[in-house]
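The values are calculated or read from the model by the stated rules, or taken from the named source; none is laboratory data. As the structure is a computational prediction, the values presented were derived from the model and not from experiment. When we count neighbours, we look across all protein chains shown, and the Cβ atoms used for this are built from the backbone with ideal geometry, even at glycine. What goes into the accessible areas is simple: the full protein's heavy atoms, side chains included, and nothing from ligands, DNA or RNA. Shrake-Rupley method; radii C 1.70, N 1.55, O 1.52, S 1.80 Å.
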Amino acid sequence: MKGSTIKRGNTWTAYWFTTDPATGKRRQHSKGGFRTKNDAQRHLNGIIDKVERGEWKPDKKMTVEQLLAEWLAAKRSEGLRENTTAMYGNVIDGWLLPHVGKLKLDQLTPASGQRLVETLKTDDGSRLNRGALSSRSVQLAVQVLKAATRWALETGLVGRDPLVGFRRPRASGSPAATGAWIVGEARRFLASVETDRMRAAWWLLLGRGLRRGELAGLKWSAVDLDAGVIRIIETRVVVKSKATASTPKTDAGRRAVKLDAVLVAELRRHRQIVDLERHVAGEAWTDTGYVFVDQLGQPYRPELISRNFTRLARTTGLRPIRLHDLRHTAASLMLAAGESPKVVAEILGHSSPIITQVVYQHLMPGQTDAAGERLTGLLAAT
């Protein structure tokens, strides 16, 4: 008998045998936790096939925690951006280790992956005690775990990916569905910040959909007010509680953004404010080159920009949204005005108009109506 499947409790276990080449003795192996007999049988068939070809080898004895540590170290050695590896570390420490870190790799199955998903969706899903994770955060947690097990297979740590066949859960809703102001709300906010020294920042966020890091990292050397253009070539992000300069993640993120007369006027006004503050500060001023700085020339930390926005929006009594939702607002208003997804993608720095269409499809219901009207109008023409 080459192998068998046996039900143990509510799950199924696959058993198979190999011959030790050194002693000639037969050794039994097993893998449990399968939800159905068919799942266990499929696993067993794959193992037996590898055993017969002489390609199967037992998995390295390690825990999920050890695997994730090795995988993260490998990611760092690949030269990934520091903020990316820091994000992976946060996902591992906060969302994965508390729930599956102590499991042996041979205990990790699609069933345990599904239990992880359900746990992350509950109130105790995060070590940080922040309540249930959003569907997008659950997706990210599963994505990191699956990337690690796939890497373990590719590097020979395991003979089979224990999460093969386990799919990342679908996210509910749209990424942009968290909040976008309508045009009246956007106008009301801009009117309320008329005397705020950061008024130009709010205009750029709403008027061109800049990301927070792009705004915080903008320098005067990348601003050409005579030509009416700003170049997004540097960002400012937070990594391990430290604000640091970085670069856009994609080629599309590195872009030139055209300004109209209103935005040029806002930035000219802002530069006058900064020049006056530089004069008042005297020797206490530090010339960092950043556009949005405090009264001594130091660039604003990205999270401070978010807090200032929340405070200003609250005082107006507007519907509360996140700072990033100003980007969604800019995109939705451009699309609602009839701008093409291709143009909006270029302004936002999306790598493809397809991304823009997928993210903001729910904000473009009128496009199909207009297309239908044009078609019937063509057919009815005499």
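List of remarks:
- Value at 222 nm in deg cm²/dmol, rounded to 500, when DSSP H runs of n ≥ 4 in the chain each add -39,500 (n - 2.57): -14500 deg cm²/dmol
- When the chain is treated as a Gaussian network with alpha carbon springs shorter than 10 Å, the biggest mean-square fluctuation among 102, 61, 25 belongs to 25.
- Label corresponding to volume of the Cα convex hull per residue in Å³ when calculated from the structure given, among [x] 221; [y] 197; [z] 136: [x]
- Axial C-alpha extent at least 27 Å, average Kyte-Doolittle at least -1.0 - helices from the chain (DSSP): 135-154, 261-281
- Normalised by the number of residues in the chain, the average gap of Cα pairs under 8 Å and 6 or more apart makes the relative contact order 12 percent.
- Spatially proximal aspartates and glutamates relative to residue 242 (Cα-Cα < 14 Å; intrachain offsets below 8 disregarded): 82, 303
- The trypsin sites (Lys or Arg not before Pro) found in region 211-273 that occupy coil by DSSP, while having at most 13 further C-beta atoms within 10 Å, are 240.
- Residue among 38, 308, 90 with the largest mean-square fluctuation in a Gaussian network model of the chain, springs linking Cα atoms under 10 Å: 38
- Segments 8-20, 40-52 sorted - mean Cβ within 10 Å per residue, highest first: 40-52, 8-20
- Segment residue 134-residue 57, length gained on full extension (0.36 nm per residue, minus Cα span): 23.9 nm
- Geometric descriptor of region 45-86, per residue, is 111 Å³ (volume of the convex hull of the Cα atoms).
- Given 121/240; 121/146; 57/121, the pairs whose alpha carbons are separated by over 28 Å: 57/121
- Cβ-Cβ distance of residue 77 and residue 38, R₀ of 45 Å, FRET efficiency by 1/(1 + (r/R0)^6): the value works out to about 0.70.
- A simple spin-label model places pseudo-atoms 7 Å from Cα toward Cβ; at residue 277 and residue 93 they are separated by 3.2 nm.
- Theoretical gain in end-to-end length, residue 118 to residue 84 [0.36 nm per residue, Cα-Cα removed]: 9.7 nm
- Scattering profile of region 23-147 at q = 0.09, 0.13 Å⁻¹ [log10 I(q)/I(0), Debye over alpha-carbon scatterers]: -0.33, -0.65
- GNM result for the chain, Cα springs below 10 Å: residue of 99, 279, 350 fluctuating most strongly: 279
- Each label was represented as a point 7 Å from its Cα along the Cα-to-Cβ direction; for residue 170 and residue 315 these points are 4.5 nm apart.
- Globularity ratio of region 1-89, using Cα Rg and 2.2 N^0.38 Å: 1.48
- Annotation: extensible slack from residue 183 through residue 262 equals 26.8 nm (criterion: 0.36 nm per residue apart, minus Cα-Cα distance).
- The residues of region 143-270 present an accessible area of 47 Å² per residue when probed at 1.4 Å with all protein chains retained.
- Pair residue 250, residue 199: separation of 7 Å Cα→Cβ label points (nm): 3.5
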